[in-house]
Amino acid sequence: MTQQLFIIDSLRCPKTTNFWRRHQASFLSAMPEAEMIFVDSSAGSIDLPPKLDRVMIVGTDAGCSRVINLIYPPLANEGVLVTFLPSEGDSALCQGLNYPPDDKSLLALLRSKNHIMMSLVRCHCTDFSGGPQSWLVLNDILLRLPQPKLPRLLQGVLGRLLFARGFNAPKSLSQISLMTEHKVVYNGAYLFAVILLGSQVTHGPQLCEIQRGFQHKFRYYQINQTQSFTAQSLRQLFSEGNDAEVYTQQFSQLEVRAVGEEHALIADGVEIGHLPASFTLLPRALKVSSPLLATPVKSSFKARFNKAELPSLPKAGSRLLKISSTKQAAAQVQKTPRVKKAQLYPKPKA
């Protein structure tokens, strides 16, 4: 028997705790057979029951990212449907998946089985203790752009405000090297960079209008000059393409080389390590609920033939049939190219 499970990442997150208290009754009424477990995603382990059919993750973007990294192999192997229930109002992950903002539509999405196969990015980097780190990225990665140290209750509002005003951007340039398919595509100075799968940075501004779906490549944005930025200026820079101030490109595989802990990596709001690092796109890696695309329903040839509308033909001997036949014959004669006699009977070669 398949099971449905709520994973509530609330043991160290007051925001998620308050969100679950407000919506617990409605969520459980929509999924009456579902079980629930309360976890601390930063603790490092989550035990899942066998034969899961659907998992509903309740938490912030950072909490959802940590939970996916803890339980991903069983989800991918068994094709489990994942639904994100954001406990913060400005969720970059759910914004890219086009989740509805109101609770009624969110409950309808929870009851439905509409889904997409979402692509992820696998990041291999160095953690802050010097060891290897492997992380699955759901939405975005910030390179050399540390987020401000704020209380959890203020991260959503003030974090976005500080990012938009550029208060936490580095003050000086640093050296970086980009490689793909064993070729160096950039080698020089940079200020900071963003790898983006969705359209909005976690706790930051919206940078493009692209919504999630099947993706062959991820987008890479790199600022190369020191200046003050706003959300509007960043979005304009990223949309204009490559010049002296910004380097933009799409990759399916990228290796970034730089030395030092100042080149920190933040994936979906989680500090995971620093450069050097490699990034690889995993297409169709996760089955996620989304209203973007409904699950296609295959219909038989007989059903499609029955639904086809056949044109009505005029009765035999009618004046309409004679007129249409005459017009078609005349049009066919006009379209037929004239062939010269020399082309029909070419002269033999001597």
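The values are calculated or read from the model by the stated rules, or taken from the named source; none is laboratory data. Since the structure is predicted, the reported quantities are computational estimates derived from the model, not experimental observations. Cβ: placed from backbone, ideal geometry, glycine included. Neighbour counts: every protein chain shown.
Remarks
- Qualifying positions in the stretch 71-101 - small (Gly, Ala, Ser) and without any contact (Cβ under 8 Å) to a residue 60 or more places away in the chain: SER91
- Some residue of the stretch 169-178 being of a type outside the set (A, V, I, L, M, F, W, C), modelled with pLDDT of 95 or more and farther than 24 Å from ILE68 by Cβ: yes
- The stretch 2-32, subset surrounded by fewer than 20 Cβ atoms within 10 Å (Cβ to Cβ) and in a strand (DSSP E or B), residue modelled with the lowest pLDDT: GLN3
- Taking the listed residues GLN155, GLN95, GLN147, the one that is modelled with pLDDT of 65 or more and surrounded by 18 or more Cβ atoms within 10 Å (Cβ to Cβ) is GLN95, with no other qualifying.
- Filtered residue count, the stretch 1-32, keeping only those that are free of Cβ contacts under 8 Å to residues at least 40 places away in the same chain and closer than 15 Å to THR83 by Cβ: 1
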